[in-house]
């Protein structure tokens, strides 16, 4: 059995690799598409979000931050989530753009009158043809990599998820700046019972 590498000797180069790949990926995102995506979300009466796996975890954090900034936002499938309807934006995140549950939820949201937007690794996927606007993150995902995609030395899907997290945080930061960066107001909307 090989001896485990020294933690710092391994961690520092690994973090440089991850940050370098993520930065290169985000540089491929269209600023105009980012602006259109933000504008679409802000125009919504409510944001309803859903994704599976690690993408779902990212969206739960994003929904929480939207609520901290005074937006009405929910994660579809939670018991306290109201029904999706007209004037809502349904947001999903999917590397492949063909995850069956996310695609099915997006189709149902559209049928109910919501607009669908997505962060995708494959804009020509079934979700890509359904959603508008789309933010394209051209990274490898579980079903492969698009022809213009960025290869990664990480486990499959990690680079896409890292990029999606930073994109979602960038959307929050833009809203925070647009609202005047009132940290106290955001903090007043934060949970005050944490079990």
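The values are calculated or read from the model by the stated rules, or taken from the named source; none is laboratory data. Predicted model only: the values in this text are computed from it and were never measured. Reconstructed Cβ throughout: ideal geometry from the backbone, glycine too, with neighbour counts over all protein chains shown.
Assess whether residue 104 counts as being at positive phi, modelled with pLDDT of 90 or more and more than 17 Å from the chain's Cα centre (by Cα). Answer is no for this residue.
Using the structure shown, decide if residue 58 is at pLDDT below 95 and assigned to a helix (DSSP H, G or I). Please lay out each step first, then the result.
Values: at pLDDT below 95: no; assigned to a helix (DSSP H, G or I): yes.
Considered against the rule, which asks whether it is at pLDDT below 95 and assigned to a helix (DSSP H, G or I), residue 58 comes out as no.
Based on what the data block shows, is residue 93 outside any loop (DSSP other than H, G, I, E, B), touching a residue at least 60 places away in the same chain (Cβ under 8 Å), at negative phi and under 17 Å from the mean Cα position of the chain (by Cα)? Answer is yes for this residue. Residues in the range 14-35 that are buried (at least 16 other Cβ atoms within 10 Å of the Cβ) and closer than 19 Å to residue 89 by Cα: 34 only. Screening the range 150-177 for residues that are part of a loop (DSSP other than H, G, I, E, B) and crowded, with 20+ Cβ neighbours inside 10 Å and picking the one that is modelled with the lowest pLDDT gives 152. Are any residues in the range 1-45 assigned to a loop (DSSP other than H, G, I, E, B), over 23 Å from residue 172 (Cβ atoms) and at pLDDT 90 or above, and if so, which ones? Of everything in the range 1-45, nothing turns out to be assigned to a loop (DSSP other than H, G, I, E, B), over 23 Å from residue 172 (Cβ atoms) and at pLDDT 90 or above. Among the residues making up the range 76-109, a single one is surrounded by fewer than 20 Cβ atoms within 10 Å (Cβ to Cβ), farther than 18 Å from residue 135 by Cβ and touching a helix residue (DSSP H, G or I) at 6+ places or on another chain (Cβ under 7 Å): 107. So is residue 184 without any contact (Cβ under 8 Å) to a residue 40 or more places away in the chain and either over 15 Å from the mean Cα position of the chain (by Cα) or in a helix (DSSP H, G or I) (or both) or not? Considered against the rule, which asks whether it is without any contact (Cβ under 8 Å) to a residue 40 or more places away in the chain and either over 15 Å from the mean Cα position of the chain (by Cα) or in a helix (DSSP H, G or I) (or both), residue 184 comes out as yes. Number of residues in the range 106-138 that are free of Cβ contacts under 8 Å to residues at least 40 places away in the same chain, part of a loop (DSSP other than H, G, I, E, B), over 17 Å from residue 159 (Cα atoms) and in contact with a strand residue (DSSP E or B) (Cβ under 9 Å, 6 or more places away or on another chain) equals 5.
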